[in-house]
Structure formats: C-alpha cells, structure tokens
1. Taking the stretch 56-75 as the search range and keeping residues that are out of contact with any strand residue (DSSP E or B) (no Cβ under 8 Å at 6 or more places or on another chain) and within 18 Å of Gly22 (Cα to Cα), which one is surrounded by the most Cβ atoms within 10 Å (Cβ to Cβ)?
2. Provide a single number: the residues in the stretch 66-90 that are among the aliphatic types (A, V, I, L, M) and at pLDDT below 95.
3. In the stretch 54-93, how many are within 15 Å of Trp27 (Cα to Cα), in contact with a Leu (Cβ under 7 Å, 6 or more places away or on another chain) and of a type in the set (A, V, I, L, M)?
4. So which residues in the stretch 76-114 are touching a strand residue (DSSP E or B) at 6+ places or on another chain (Cβ under 8 Å) and in a loop (DSSP other than H, G, I, E, B), if there are any at all?
5. Out of the stretch 53-78, which residues are among the β-branched types (Val, Ile, Thr) and closer than 21 Å to Lys104 by Cβ?
6. How many residues are closer than 14 Å to Leu24 by Cβ and either outside any strand (DSSP E or B) or in contact with a helix residue (DSSP H, G or I) (Cβ under 8 Å, 6 or more places away or on another chain) (or both) when one looks only at the stretch 38-53?
7. Inside the stretch 54-65, can you point out the residues that are over 16 Å from Pro34 (Cβ atoms), free of Cβ contacts under 8 Å to residues at least 12 places away in the same chain and in a helix (DSSP H, G or I)?
8. I'm checking my understanding of the structure. Among residues of the stretch 91-100 that are at pLDDT 90 or above and not hydroxyl-bearing (Ser, Thr, Tyr), which one is surrounded by the most Cβ atoms within 10 Å (Cβ to Cβ)?
Amino acid sequence: MDADVKGPRLVNPFPRDIVLSGKLLPWRVPALQPAYVALPGSDLLYLPVFSTVEGLRDLMKRADVPYQSVKQILDGREFLMGFTPDFRKAMRIIVDPYFLPDGKARFSEVRWPVD
C-alpha cells in the first residue's frame, strides 16, 4: 500500500461479521434516499449506519450533512442486495463511524455479499 495515501484506509485486514438488521441510517426525505457522507481524501460515497440515534446525530452534525429522518434496516441481507453492482463500486457502507479530534474517521466497513 502506498504510504502517501491520505484517504480512509483499512486498518484491520481481518473480516468480521457485521449484522445490519436493526441498524439505523439517516434519511433524506425530499430525495427519498439515505444521506451519504464524504470522507477526507476519498472520492467514494459512504453510507453511515449506526447502532444508536445519538451516534447518528453526532456524526451527521460533525459532517455537516443534512437529513430529515431516521430509518431502521429490518433485513440486512435484503438491504445489501438492493444496491446495483455499479453503485457498489462507488459506495461503501460504514458502521458506527466517528471522527477523531484530528478529523480522521474511524468505522467498520461492511463487505458486500457474493452474489
């Protein structure tokens, strides 16, 4: 890996199971879609999902991303399968993200299921 990479990077190469069912996501009402965030140094879209409403509110405020409501993921696998292959290339789902004081983001990343 290039030491000059400034954007988000995987710091733990060992996959772990992440259960999305029951997680919360910020929702944009006029667009009828989730609210995505940008992370410093990356051109990808990031869909943050959270275990708590407080975590969601804190991150969205700090990221200065508007949202109008909160939705709950009922079936994690069904949720993941709803994204097209092209969209999967441009977007990452991150769980319980938060910012460090220096502005770097920390999170767990969901791996796409193999079709």
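1. Taking the stretch 56-75 and keeping what is out of contact with any strand residue (DSSP E or B) (no Cβ under 8 Å at 6 or more places or on another chain), we get 57, 61, 64, 74-75.
Among the residues that remain, those that are also within 18 Å of Gly22 (Cα to Cα) are: 57, 74-75.
Working: Arg57: 14, Leu74: 10, Asp75: 12.
Step by step, filter the stretch 56-75, then rank; the result is Arg57.
2. Of the residues in the stretch 66-90, the ones among the aliphatic types (A, V, I, L, M) are 70, 73-74, 80-81, 90.
Those still in the list that are at pLDDT below 95 too: 80-81, 90.
Selection size over the stretch 66-90: 3.
3. Count: 4.
4. Of everything in the stretch 76-114, those that are touching a strand residue (DSSP E or B) at 6+ places or on another chain (Cβ under 8 Å) and in a loop (DSSP other than H, G, I, E, B) turn out to be Phe83, Leu100, Val110.
5. Going through the stretch 53-78, the residues among the β-branched types (Val, Ile, Thr) turn out to be 53, 65, 70, 73.
Listed by number, the list holds a single entry, Val65.
6. If we filter the stretch 38-53 for residues that are closer than 14 Å to Leu24 by Cβ, which is where we start, we get 47-53.
This time we only want the ones that are either outside any strand (DSSP E or B) or in contact with a helix residue (DSSP H, G or I) (Cβ under 8 Å, 6 or more places away or on another chain) (or both), so: 48, 50-53.
The total comes to 5.
7. Kept after step one, since they are over 16 Å from Pro34 (Cβ atoms), are these residues of the stretch 54-65: 54, 58, 61-62, 64.
Add one more test, that the residue is free of Cβ contacts under 8 Å to residues at least 12 places away in the same chain, and what stays is 54, 61, 64.
Across the stretch 54-65, the qualifying residues are Glu54, Lys61.
8. Going through the stretch 91-100, the residues at pLDDT 90 or above turn out to be 91-98.
So of that shortlist, the ones also not hydroxyl-bearing (Ser, Thr, Tyr) come out as 91-97.
Working: Met91: 16, Arg92: 20, Ile93: 26, Ile94: 21, Val95: 18, Asp96: 17, Pro97: 23.
Looking at residues that are at pLDDT 90 or above and not hydroxyl-bearing (Ser, Thr, Tyr), I get Ile93.
The values are calculated or read from the model by the stated rules, or taken from the named source; none is laboratory data. No experiment lies behind these values; they were computed from the predicted model shown. In this analysis, Cβ positions are derived from the backbone assuming ideal geometry, glycine residues included, and neighbour counts consider all displayed protein chains.
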